[in-house]
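Once you've had a glance at the structure underneath, I'll fire off some questions.
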Amino acid sequence: VLSLTAYQMRSDGVEVAVDLSTDLPTLRGDFHQLQQVVLNILNNAHHALREHEGGRLVRVLTRRADGGAVLEVTDTGPGIEPEDLARIFDPFFTTKEVGKGTGLGLSIAAGIVASHSGRLEADSEPGSGATFRMFLPSGSRAAEAEPRPEERSARTRAPRAGGRILVVEDEAPL
């Protein structure tokens, strides 16, 4: 994921410091889903720093913790307001301008981490950047227990009769 974001970070003057532990326990999980989580967190840090005056640093580290491993991403951006911090994992919540974000990234990321028996947390002080921590237990098989959507048979995805869907959209073109 670091190599995927390196060019954009460098182009926007964002320094990336990496401190990856060499003694992490074995983790089990869906590589692509976990990659999506890390990519989302790094992209959010990059977006926070792009318009930020002053130092632009993203620090990525891993370490052993709580019978598993932690990935920690810290940025030196503007930080997250306390009222926003309480909602950042809510579906459709975004602090970005209209048309710039869906508000699904962190909600989906938290769901992916939970499906791996882990947790995703965030800490921030306005004006002092933000830190996201992904905790994953060692040897978790939770992600392997649930088949991928493309692997499920049509019988396991039977539609529910009589359901309703409500769609609310405030953008006229959509």
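The values are calculated or read from the model by the stated rules, or taken from the named source; none is laboratory data. Every value quoted in this text rests on a predicted model; they were computed, and no experiment measured them. Please note: Cβ atoms are built from the backbone with ideal geometry, for glycine as well, and neighbour counts cover all protein chains shown. Accessible surface is based on the protein model in full, side chains and every heavy atom, while ligands, DNA and RNA are left aside. Shrake-Rupley method; radii C 1.70, N 1.55, O 1.52, S 1.80 Å.
If you average the sequence gap of Cα pairs under 8 Å that are 6 or more apart and divide by the length of the chain, what percent do you get for the contact order?
So the answer I get is 23 percent.
Which far-off residues, 5 or more places away or on another chain, put their amide H under 5 Å from the one on residue 58, with H placed in the peptide plane?
15, 16, 17
Additional query: Which of 105, 77, 163 moves most in a GNM of the chain, Cα contacts under 10 Å?
Of 105, 77, 163, the Gaussian network model singles out 163 as fluctuating most.
Let me ask another. Select from the chain the helices, each a whole stretch of DSSP H, whose alpha-carbon atoms run 18 Å or more along the helix axis and whose Kyte-Doolittle mean is at least -0.5; answer none if there are none.
31-50
Along each principal axis of its Cα atoms, how long is the stretch 1-100 end to end? Whole angstroms, biggest number first, please.
Here the spans come out as 40, 30, 24 Å, largest first.
How large a share of the accessible area of the stretch 1-87, in percent, is made up of carbon and sulfur atoms when the probe is 1.4 Å and the other protein chains stay in place?
50 percent
Same structure again: Taking all protein chains together and a probe of 1.4 Å, list 56, 10, 50, 87 from the most accessible to the least accessible.
From most exposed to least exposed: 10, 87, 50, 56.
Name the residue farthest towards the positive end of the dipole of the chain from the options 16, 94, 105, assuming +1 on Cβ of Lys and Arg, -1 on Cβ of Asp and Glu, about the Cα centre.
So the residue we want is 105.
If you count only protein heavy atoms with a 1.4 Å probe, what accessible area per residue comes out for the chain, rounded to a whole Å²?
With the other protein chains kept in place, the chain gives 65 Å² per residue.
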